[in-house]
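The values are calculated or read from the model by the stated rules, or taken from the named source; none is laboratory data. As the structure is a computational prediction, the values presented were derived from the model and not from experiment. Ideal geometry is used to build each Cβ from the backbone, glycine not excepted, and the neighbour counts take in all protein chains shown. Only protein heavy atoms, including side chains, enter the accessible area calculation; ligands, DNA and RNA are left aside. Shrake-Rupley method; radii C 1.70, N 1.55, O 1.52, S 1.80 Å.
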Amino acid sequence: MNPDNLREGTSQEIEGQSEPRAEVSTLNDSESAAARISRNAAALAAARGITVIAGLLIASYLTRILTPQYFGILGFGTALLSYFSLLVKFGFDTLGAREAARRTEEIPTLASRITSMKLFLCVPGYIAFLVVVVLLPKDILVKQVLAVQGLLLFGLAMSVEWVYLGVQRMGVLAVRNVAASLMHLGAILLFVRNPSDVLVAAGVSVTAVLIANSWILIRYTREFSPLALRIEPRAWLPLLKPAIPIAASSFMIAVYYSLDQVMIGLMRGETEVGFYTAGYLLLGATLVPAQIINQAFFSSLSTTFGHIDQMRERAALFARSMAAFGFPVAVAGVALAGPLLVTFAGDAYSPGIRAFSLLMVNAGFVYVNMTFGQPLIAWNRQNAYFWAVGLGAVANVILNVILIPLYGIDGAAVATVLSECAVLVGLVYLHWKTVHALYLSTWMRAAISAAIGVGGVIVGLQAVGFSPLVAGLVSIFTYTLAAWALKVVDPKAVLEIIRTGHNP
């Protein structure tokens with residue numbers, strides 16, 4: 001393979017201006033797309049199950065040990081750092097996964113160039129982060145914790161997990177994620193014993209990421225090729241151009257997912273950030289199914305680019321999978337908001353219950369927006385995607401400025417929900433314009449199943465004295481029955497995919 005050929009041909013193909021290559025479509029491979037999606041989803045689900053449990057245990061332990069004030073320092077730092085991490089990632093991971101799925105023979109060149117660019121960006125990124133930290137009107141402990149958290153930028157620069165995502169080898173990512181989460185949990189339990197250990201907690205988190213990404217980088221060099229790290233501005237340009245709208249979109253998303261925590265920290269203090277962050281962590285756990293489904297489908301969606309019927313068919317399957325999880329998760333979260341937050345973080349975090357219930361409303365919108373938005377990126381429509389999420393970011397900034405001073409964390413949660421609604425408007429329009437499908441029947445059946453099988457059951461059982469745990473467990477069974485009756489999920493199709501790897 002000639003690296004110069006990649007440099008000359010990448011820009012046009014990545015931007016979607018040329019016709020898709022004949023080998024792009026893998027729909028007729030001996031192993032069907034459904035089988036790959038099913039296998040990858042299973043691997044990711046198994047790993048995420050462990051990592052989510054470990055993550056919740058870590059967070060639950062830290063909320064109690066550190067108290068809301070010191071736990072809020074970690075939340076404030078994570079939110080602030082998210083903007084600087086975008087400078088390092090710059091959309092390269094998403095872009096790399098998409099291109100690796102289409103042109104596997106060019107992975108070594110792509111990996112070398114993407115990693116070189118990320119390493120080149122992480123040094124000025126960390127310096128800029130330190131400058132902001134020094135200028136913040138915070139005490140020395142807060143600044144020390146943030147300085148340690150900033151070292152995560154170097155771990156992000158080392159990451160090549162997008163390669164394995166692109167070639168649909170999710171098992172490798174599963175092993176990495178499980179090992180990292182268990183190592184993180186063990187270290188937190190061993191070294192963090194009181195609120196003054198907040199600096200240690202930050203260091204442990206960064207170390208776990210550095211070790212995990214070092215492992216996957218070593219594995220990559222053994223299975224593909226050693227990285228050729230060099231500064232090549234001319235070779236970087238064809239990758240930078242399509243990455244810019246992806247990075248800009250990520251920045252806009254970070255605005256309406258992290259700006260509220262930053263503004264709460266600046267306007268209301270670390271304690272309220274602690275209340276809000278506890279709810280946000282639980283929100284993140286409820287979005288894990290969406291992330292698994294998205295990762296399992298992304299490469300498969302990318303390979304349909306240029307074949308409208310196949311794009312529509314694959315997106316419809318994606319929508320059914322997202323709808324089956326999204327609505328019941330959101331309804332259950334709202335109905336059980338109080339017990340969930342208090343059980344997870346402790347009674348000290350009860351002031352955050354109302355904000356958390358609003359965030360769980362937002363979870364439902366996230367599932368819908370990912371359904372309409374992620375295929376756009378897979379199909380080279382990152383520029384249009386940017387404008388949709390940009391609408392939400394602008395709305396979020398305005399709403400946070402107005403609502404946080406008046407209503408604190410409740411106002412921040414309302415701003416998040418309304419911003420997600422603004423994004424929904426743009427994504428629905430763009431998705432319809434691309435494939436002329438909105439999957440309304442799928443969403444309606446899922447909503448009815450969740451309302452009856454989850455919301456109605458939980459509220460009814462708690463009204464007659466059953467515990468939230470019992471109500472939640474029963475709702476899983478009743479939702480499954482409702483979803484089956486309304487054909488949200490077709491059991492025959494699922495069994496056929498498991499048995500043969502093909503759609504019936």
Original post:
Listed residues Q291, Q261; which is part of a helix (DSSP H, G or I), of a type outside the set (A, V, I, L, M, F, W, C) and surrounded by fewer than 23 Cβ atoms within 10 Å (Cβ to Cβ)?
Top reply: Q291
Original post:
Picking from P233, P238, which residue would you name as being open to solvent by 20 Å² or more (accessible area, probe 1.4 Å) and farther than 24 Å from L391 by Cβ?
Top reply: P233
**OP:** For the range 72-90, name all the residues that are open to solvent by 10 Å² or more (accessible area, probe 1.4 Å) and either acidic (D, E) or more than 13 Å from S205 (Cβ to Cβ) (or both).
**Re:** L80, S82, Y83, F84, S85, L86, L87, K89, F90
Original post:
If we scan the range 387-405, do we find a residue that is open to solvent by less than 20 Å² (accessible area, probe 1.4 Å), modelled with pLDDT under 90, in contact with a Gly (Cβ under 6 Å, 6 or more places away or on another chain) and within 30 Å of S300 (Cα to Cα)?
Top reply: yes
Original post:
Conditions: (1) closer than 29 Å to A100 by Cα; (2) touching a residue at least 40 places away in the same chain (Cβ under 8 Å); (3) more than 19 Å from the chain's Cα centre (by Cα). T207 meets all but one. Number of the miss?
Top reply: (2)
Subject >> Scan of the range 198-212 for residues that are modelled with pLDDT under 90 and touching a Phe, Trp or Tyr at 6+ places or on another chain (Cβ under 8 Å), ordered by number >> reply: L210
Original post:
Taking the range 329-381, which residues are free of Cβ contacts under 8 Å to residues at least 12 places away in the same chain and buried (at least 24 other Cβ atoms within 10 Å of the Cβ)?
Top reply: none
Original post:
Can you find a residue in the range 414-434 that is open to solvent by 20 Å² or more (accessible area, probe 1.4 Å) and charged (D, E, K, R)?
Top reply: yes
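Name the residues in the range 105-127 that are free of Cβ contacts under 8 Å to residues at least 60 places away in the same chain, open to solvent by 10 Å² or more (accessible area, probe 1.4 Å) and farther than 18 Å from R234 by Cα, would you? Explain how you work it out, then say what you get.
In the first step, residues of the range 105-127 are kept if they are free of Cβ contacts under 8 Å to residues at least 60 places away in the same chain; the result is 118, 121-127.
Now narrow it down to the ones that are open to solvent by 10 Å² or more (accessible area, probe 1.4 Å): 121, 123-124, 126-127.
Scanning the range 105-127 gives V123, P124, Y126, I127.
Within the range 295-314, track down each residue that is in a helix (DSSP H, G or I) and touching a Phe, Trp or Tyr at 6+ places or on another chain (Cβ under 8 Å).
First, pick out the residues of the range 295-314 that are in a helix (DSSP H, G or I): 295-302, 308-314.
Once the filter is applied, which keeps residues that are in a helix (DSSP H, G or I) and touching a Phe, Trp or Tyr at 6+ places or on another chain (Cβ under 8 Å), the range 295-314 yields F297, L301, S302, M311, R314.
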Original post:
Of the residues that make up the range 160-178, is at least one open to solvent by 40 Å² or more (accessible area, probe 1.4 Å) and over 26 Å from the mean Cα position of the chain (by Cα)?
Top reply: no
Original post:
Taking the range 131-154 on its own, how many of its residues are polar (S, T, N, Q) and either under 30 Å from Q295 (Cα atoms) or outside any helix (DSSP H, G or I) (or both)?
Top reply: 1
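Which of the helices (runs of 4 or more DSSP H) contained wholly in the range 155-239 include at least 3 residues that are in contact with a His (Cβ under 9 Å, 6 or more places away or on another chain)?
Numbers: elements: 161-166, 170-191, 198-223.
By residue number, 198-223.
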